[in-house]
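The structure appears below as structure tokens.
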């Protein structure tokens, strides 16, 4: 069961990066987001579904939001294979969202940011 969860975790990370790739990598729109609290690197700490939660294991999954409206998603699996994707983003009233063909919304609870994919909440903490 644990191996299934680990495989699912990295499948979700890879899919997340692919979805962000659909958001475009042409760069930000020239916005100055340097005062945004979201600028910086966020590391995935766990994923949850209903009352169940699973911490991310050996691999890493980070998103970095730059002050020019661009960002990078990096997923590294347990074997050290890295997948990097670029995207654009903008702040919202509840957090921020990626822009382009595939939009993902991130909400902020004051300690973590959260994105939902297929009912699974992905939880990130700022590094």
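The values are calculated or read from the model by the stated rules, or taken from the named source; none is laboratory data. These numbers come from a predicted model, not from an experiment. As a convention, Cβ positions derive from the backbone with ideal geometry for all residues, glycine included, and neighbour counts pool all protein chains shown.
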task: Check whether at least one residue in the range 72-92 is outside any strand (DSSP E or B), under 11 Å from the mean Cα position of the chain (by Cα) and closer than 21 Å to residue 48 by Cα, and report yes or no.
output: no
statement: Given the conditions (1) touching a residue at least 12 places away in the same chain (Cβ under 8 Å); (2) assigned to a strand (DSSP E or B), every one holds for residue 67 apart from (2)
field: Criterion: touching a strand residue (DSSP E or B) at 6+ places or on another chain (Cβ under 9 Å), surrounded by 17 or more Cβ atoms within 10 Å (Cβ to Cβ) and at pLDDT below 80 - qualifying residue of 70, 9
entry: 9
Candidate set: the range 100-117, residues that are over 20 Å from residue 35 (Cα atoms) and over 11 Å from the mean Cα position of the chain (by Cα); chosen: the one surrounded by the most Cβ atoms within 10 Å (Cβ to Cβ): 100
query: (1) farther than 22 Å from residue 33 by Cα; (2) in contact with a helix residue (DSSP H, G or I) (Cβ under 6 Å, 6 or more places away or on another chain): which one isn't true of residue 52, the others all being true?
result: (2)
task: For residue 97, indicate whether it is at pLDDT 85 or above and loosely packed, with under 15 Cβ neighbours inside 10 Å.
output: no
task: Looking only at the range 16-24, decide whether some residue is at pLDDT 55 or above and surrounded by fewer than 18 Cβ atoms within 10 Å (Cβ to Cβ).
output: no
message: Tell me the residue from 76, 81 that is free of Cβ contacts under 8 Å to residues at least 24 places away in the same chain and buried (at least 17 other Cβ atoms within 10 Å of the Cβ), please.
response: 76
- prompt: residue 35 passes all but one of (1) in contact (Cβ under 8 Å) with a residue 40 or more places away in the chain; (2) within 16 Å of residue 95 (Cβ to Cβ); (3) not in a strand (DSSP E or B); which number fails?
  reply: (1)
- request: Considering only the range 38-52, state which residues are touching a strand residue (DSSP E or B) at 6+ places or on another chain (Cβ under 8 Å) and either free of Cβ contacts under 8 Å to residues at least 60 places away in the same chain or surrounded by 19 or more Cβ atoms within 10 Å (Cβ to Cβ) (or both).
  value: 38, 39, 42, 44, 47
